[in-house]
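The values are calculated or read from the model by the stated rules, or taken from the named source; none is laboratory data. Please read all numbers here as calculations on a predicted model, not as lab measurements. Quick reminder, even Gly has a Cβ in these numbers, built from the backbone with ideal geometry, and neighbours come from all protein chains shown.
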Amino acid sequence: MTLNSIGLDTIKTKEIAVDLNKLLSNFQIYYQNLRGIHWNIKGKRFFDLHVKFEELYNDANMKVDLIAERILTLGETPLHTFNDYVAHAQVPIGKNISHDEKAVLLIVDSLTKLLKIERGILDKAGDANDEGTNSMMSDFITEQEKTIWMMKAWLS
């Protein structure tokens, strides 16, 4: 077994980096969706949702950077083109969404897809003894589960 500079199996970390790049791509689509619904939201709930969507896109933007830096830490290269992002997208692409419930449903659906990717990475990171990636995924999962709960409560 060959170890990288942080003491992890290079074969396993390469596989994790592939999955992190898939997550990075999906987070970029999610981020852009959030920007779009932030800009385009209309209706009586505009003021509350406009602020909430800004909070979420700022958080997503921070996570994009964390994911890319983790890929670099593992010795790989983060994807960085829109073509790559779209090619790996599993989250739905929201276009021209201005209705409040459709916007919140897009968030719930997107986070559900992100959680699935993150749980897969969490499993691989655990197997590779990659505590850095493991910790990051655990933090993301905890936050996103809570956001889904809140969004679903809002929809009720």
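Do any helices (runs of 4 or more DSSP H) entirely within region 1-94 hold 2 or more residues that are modelled with pLDDT of 95 or more, within 12 Å of the chain's Cα centre (by Cα) and hydroxyl-bearing (Ser, Thr, Tyr), and if so, which? First the steps, then the outcome.
Values: elements: 10-40, 46-73, 82-87.
The helices (runs of 4 or more DSSP H) meeting that bar are 10-40.
When Ile93 is tested against the conditions (1) more than 24 Å from Thr133 (Cα to Cα); (2) surrounded by 18 or more Cβ atoms within 10 Å (Cβ to Cβ), the lone failure is (2). Among the residues here, Asn26 does not qualify as closer than 25 Å to Leu122 by Cα, of a type in the set (S, T, N, Q) and without any contact (Cβ under 8 Å) to a residue 12 or more places away in the chain.
Scanning region 34-69 for residues that are surrounded by fewer than 19 Cβ atoms within 10 Å (Cβ to Cβ) and of a type in the set (Lys, Arg), we see that the one that is nearest to Ile141 (Cα to Cα) is Arg35.
Please work out if Gly132 is in contact with a Ser or Thr (Cβ under 9 Å, 6 or more places away or on another chain), of a type in the set (Gly, Ala, Ser) and closer than 16 Å to Glu15 by Cα. Please lay out each step first, then the result.
Numbers: in contact with a Ser or Thr (Cβ under 9 Å, 6 or more places away or on another chain): yes; of a type in the set (Gly, Ala, Ser): yes; closer than 16 Å to Glu15 by Cα: yes.
Considered against the rule, which asks whether it is in contact with a Ser or Thr (Cβ under 9 Å, 6 or more places away or on another chain), of a type in the set (Gly, Ala, Ser) and closer than 16 Å to Glu15 by Cα, Gly132 comes out as yes.
Yes/no matrix, rows are residues, columns are (1) within 22 Å of Gln32 (Cβ to Cβ); (2) charged (D, E, K, R):
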| position | (1), (2) |
| --- | --- |
| Gln90 | yes, no |
| Leu105 | yes, no |
| Asp109 | yes, yes |
| Thr133 | no, no |
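Within region 100-115, one or more residues are closer than 30 Å to Thr10 by Cβ and either modelled with pLDDT under 95 or surrounded by fewer than 20 Cβ atoms within 10 Å (Cβ to Cβ) (or both). Listed by first and then second residue, the pairs linking a residue in region 122-147 that is within 21 Å of Glu55 (Cβ to Cβ) and free of Cβ contacts under 8 Å to residues at least 60 places away in the same chain to a residue that is assigned to a helix (DSSP H, G or I) and among the acidic types (Asp, Glu), with Cβ atoms under 7 Å apart and 6 or more places separating them unless they lie on different chains, are Ile141/Glu118.
Of all positions in region 7-16, at least one carries a residue that is surrounded by 14 or more Cβ atoms within 10 Å (Cβ to Cβ), of a type in the set (Ser, Thr, Tyr), under 19 Å from Met136 (Cα atoms) and touching an Asp or Glu at 6+ places or on another chain (Cβ under 7 Å).
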